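Peer 1: The structure under discussion is supplied below as structure tokens; questions concerning it will follow.
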Ligand code: SF4
């Protein structure tokens, strides 16, 4: 067993720059909301953000806010508030914590960014159900509460190949959003501007992929727990030069770590995959636990979800439709199995951890026998941890620690 008591997380120097650009992002949104200088769109995280940016909207992402509520461990103050108005404790705890916080008129933004008093009020709400139905229901509540128009894309689920027919359908739905968005934004759609934003997003996603692939190195320079924080700009600032500049800096730092043989975990003995949502309120605890066990969690479905290989500025509608339909969560079990098998072999992984997230069945891939199939095909062990993305009543520190330690012992004995 490793030296649990000496666990310390190595700081990524670029994080200071990330904090600054994230602060700038929220202050710009706040300024736009106060002054009316730009219209504001709230968009689901894998929604048609590039289209909105090209029309001059500033884009705010409720899921990012949900993750902040989880990471600051405030979610459980608010989930019961949403439960009290009829949203079940069994549905997405991003949704329940975010709506609960709104009802109480509280947000972690006020503490993180002095001067910001609340969320930037939306002019339009835009969803893509590629992740789940919850995002539509979530924005639907705000549409009723704030009397704001809502629109979006209804996508396919559980698909194998992403066919041209599916792409044409989704591209058509994206196109159909334009007239109403033009009216709300006051700007005409400009294909060249759309192409420019797609090119910026494309470059951001390429860099994010390269960042994640630095973990092909042994030892791996960045943990999954670091990556969940580092992906912030890929989520909320894709489509901007700012995100590109940030990932160039981060990539250079990680490449330096690789060339100097510096790993996120000293004495890296085991390399693991994290499948499913992060446990936002326990990132530090889990990170330290694994470091103490000389184990690097270095690849994940979650962080890979912001790699959009298909983006092509020359064919923006179809390529956006393809990119946002190719993501893991939309795909069938056979695709998911192949996808994880490929990563395990490329990254040289020794085991897989599945997070069964109580309120997100969409991102809990242990429930249809995938761990068992992967154990058989890869001949490596898997562990399922019960928990949740935001609702810490579903997570037991002791149980997770005991199970993870036993899992590492199992790896040692192989
Ligand atoms: S995918 Fe899961 S965590 Fe994300 S919005 Fe849907 S239910 Fe919530």
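Peer 1: Scan the range 357-380 residue by residue and report those that are away from the ligand (no atom under 16 Å from the Cβ), assigned to a helix (DSSP H, G or I) and crowded, with 16+ Cβ neighbours inside 10 Å.
Peer 2: 370, 371, 373, 374, 378
Peer 1: Here are some residues: 145, 182. Which one is assigned by TED's automatic domain parsing to the domain that holds residue 98, part of a helix (DSSP H, G or I), without any contact (Cβ under 8 Å) to a residue 60 or more places away in the chain and more than 15 Å from residue 308 (Cα to Cα)?
Peer 2: Just a single option satisfies the conditions, and that option is 145.
Peer 1: From 235, 211, which residue is at pLDDT 95 or above and surrounded by 19 or more Cβ atoms within 10 Å (Cβ to Cβ)?
Peer 2: 211
Peer 1: What's the number of the only condition in (1) in contact (Cβ under 8 Å) with a residue 12 or more places away in the chain; (2) crowded, with 16+ Cβ neighbours inside 10 Å; (3) assigned to a helix (DSSP H, G or I) that residue 206 fails to meet?
Peer 2: Going through (1) in contact (Cβ under 8 Å) with a residue 12 or more places away in the chain; (2) crowded, with 16+ Cβ neighbours inside 10 Å; (3) assigned to a helix (DSSP H, G or I) one by one, residue 206 breaks only (1).
Peer 1: Then there is this: When you go through (1) out of contact with any helix residue (DSSP H, G or I) (no Cβ under 9 Å at 6 or more places or on another chain); (2) within 16 Å of the ligand (Cβ to nearest atom) one by one for residue 86, which number turns out not to apply?
Peer 2: (2)
Peer 1: Provide a single number: the residues in the range 163-192 that are farther than 17 Å from residue 47 by Cα and under 26 Å from the mean Cα position of the chain (by Cα).
Peer 2: 1
Peer 1: Residues being closer than 19 Å to residue 33 by Cα and either within 15 Å of the ligand (Cβ to nearest atom) or free of Cβ contacts under 8 Å to residues at least 12 places away in the same chain (or both): count how many of those fall in the range 118-132.
Peer 2: The total comes to 2.
Peer 1: Quick check on my filter: what residues within the range 161-179 are out of contact with any strand residue (DSSP E or B) (no Cβ under 7 Å at 6 or more places or on another chain) and assigned to a loop (DSSP other than H, G, I, E, B)?
Peer 2: 161, 162, 163
Peer 1: Exactly one of these conditions fails for residue 43: (1) away from the ligand (no atom under 11 Å from the Cβ); (2) more than 20 Å from residue 304 (Cα to Cα); (3) touching a helix residue (DSSP H, G or I) at 6+ places or on another chain (Cβ under 6 Å). Give me its number.
Peer 2: With respect to (1) away from the ligand (no atom under 11 Å from the Cβ); (2) more than 20 Å from residue 304 (Cα to Cα); (3) touching a helix residue (DSSP H, G or I) at 6+ places or on another chain (Cβ under 6 Å), residue 43 is out only on (2).
Peer 1: Would you kindly identify the helices (runs of 4 or more DSSP H) lying entirely within the range 252-351 that contain at least 1 residues that are within 16 Å of the ligand (Cβ to nearest atom), more than 19 Å from residue 238 (Cβ to Cβ) and modelled with pLDDT of 95 or more?
Peer 2: Numbers: elements: 283-292, 301-304, 316-325, 333-347.
In the range 252-351, the matching helices (runs of 4 or more DSSP H) lie at 283-292, 333-347.
The values are calculated or read from the model by the stated rules, or taken from the named source; none is laboratory data. Values in this document were obtained by computation on a predicted structure and should not be read as measured data. Because the Cβ atoms are built from the backbone with ideal geometry, glycine has one as well, and the counts that use them run over all protein chains shown.
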